[in-house]
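Quick notes on the structure that follows.
Readers should treat all values here as calculations from the given coordinates under stated rules, not as data from a laboratory. As the structure is a prediction and not an experimental result, all values here were calculated from the model. Cβ atoms come from the backbone with ideal geometry, glycine included; neighbour counts cover every protein chain shown.
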2 protein chains.
Amino acid sequence: MRYFEDIQVGEAFALGSHTFSAEDIKAFAARFDPQPFHVDEAAAEQSHFGALCASGWHTAVTWMRLMVAYRRRTAEEARSRGEPVARVGPAVGFRDLKWLKPVYVGDTIDYRSEVIETRLSNSRPDVGLMTIRASGVNQNGEPVLSFISTAFVQRRPEQP
Amino acid sequence: MRYFEDIQVGEAFALGSHTFSAEDIKAFAARFDPQPFHVDEAAAEQSHFGALCASGWHTAVTWMRLMVAYRRRTAEEARSRGEPVARVGPAVGFRDLKWLKPVYVGDTIDYRSEVIETRLSNSRPDVGLMTIRASGVNQNGEPVLSFISTAFVQRRPEQP
């Protein structure tokens, strides 16, 4: 992650994509969200979803997985160029999470984060607050997931 | 779940508790949130958390797991008494998720859902909307997780 001062409202981070297999969907749901339409094809066909689909929690944590990988990758790239890497504080929550469409077996979800607000912290002079809209879009261009999250990002240290 | 008409604002569902082991914390985080303070004790000691702690996503999906088990259990109990079981629609999202305190190795989190609002649906006469505050509280009585979720609950069928 770059310093807070280098981040512009409107810029987007392309985090990568994930294709949800039946095995993947059922393994997550069996552990955390064992509703019939997430763990059993026949029951899912009888449900209002019409077919096996991923737990919404599964589609959300996959954003997290790709976000952590993205940060690691971009930090390594910056270090390899001899550039500093700004610290990013863990998020303390998020808001307005929406599951907009079901994610079915074989769907490929493309995840991104778009900066929608930046502001200075009232309490901490060393950091700024970056608010992003996280999203996932399927192979047909349909949004399936959206939420808003705010994180602390280190400000550029003052030159002595 | 009982019918919409039987649900009162202020009532709470005790979903049960979960104790987070180091193995449990690291297995979830390795898969979905591999930040150093969730997967490595030594790195966690050097972080601002001071010790290994669970991914916030892990503490949230554990609420979901216990909620699904609670619904299944109470539905079976109702059926065994010969009572009807109202349908509950899947949530389409949630809001204001807050990770209020870290969840460390050995912490036992008690989960509950409290009904904070009920209202009729404008578009569907057969269901009502139940809004709950989901929460998790640790063994010291400190809230660690909170979010707000709204679900459709079947209304009592009219007697012919």
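Values as computed for the structure displayed
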read-out	value
In degrees, nearest ten, helix A:56-80 long axis to first principal axis of chain A (Cα)	30
Folded to 0 to 90 degrees: helix B:22-32 orientation relative to chain B principal axis, Cα	80
Estimated inter-spin distance, residue B:71 and residue B:30, nm [label 7 Å along Cα→Cβ]	3.1
At 0.890 mPa s and 25 °C, Stokes diffusion of chain A via Kirkwood alpha-carbon radius, µm² per second	143
Charge-dipole axis of the protein assembly as shown as Lys and Arg at +1 and Asp and Glu at -1 on Cβ define it, positive-most pick from B:97, B:20, B:34	B:97
Relative contact order, percent, the stretch A:1-133 [alpha-carbon distance under 8 Å, six or more residues apart]	39
Gaussian network model of chain B, springs between alpha carbon atoms under 10 Å - residue of B:71, B:87, B:79 with greatest fluctuation	B:79
Helical mean residue ellipticity (222 nm; -39500 (n - 2.57) per DSSP H run of 4+; nearest 500) of chain B	-9000 deg cm²/dmol
Shielding of B:63-70 by partner chains, average beta-carbon count, 10 Å	3
10 Å Cβ neighbours from other chains, averaged over peptide B:21-29	1
Mean projection area, nm², convex hull over Cα of the stretch B:1-70	6.1
Order by protection proxy (mean Cβ within 10 Å, highest first), peptides A:4-13, B:21-30	B:21-30, A:4-13
Distance in nm between pseudo-label sites at residue B:43 and residue B:115 (7 Å out along the Cβ direction from Cα)	4.5
Amide H within-cut-off set for residue B:21, under 5 Å, with H built and near neighbours excluded	B:106
Total charge dipole magnitude, the stretch B:45-134, about the Cα centre, Cβ charges on Lys, Arg, Asp, Glu only, Debye to nearest 20	300
Charged-residue dipole, Cβ positions (Lys, Arg, Asp, Glu), the stretch A:1-107 about Cα centre, Debye nearest 20	420
Of every Cα-Cα pair in the protein assembly as shown, the percent that sits beyond 25 Å	55
Spin-label zone in the stretch A:80-124 - amide nitrogen under 20 Å from a point set 7 Å from the Cα of residue A:21 along the C-beta vector	A:103-111
Residue B:14-residue B:81 FRET efficiency (beta carbon distance; Förster radius 25 Å; 0.05 resolution)	0.80
Positive-pole candidate from B:46, B:82, B:66, dipole of chain B, charges at beta carbon	B:82
Descending principal axes extents, the stretch A:74-160, alpha-carbon based, whole Å	55, 33, 17
Cα-Cα pairs of the stretch B:37-97 separated by more than 17 Å (percent)	61
Among A:55-64, A:128-137, the order from most to least packed when residues are scored by Cβ within 10 Å on average	A:55-64, A:128-137
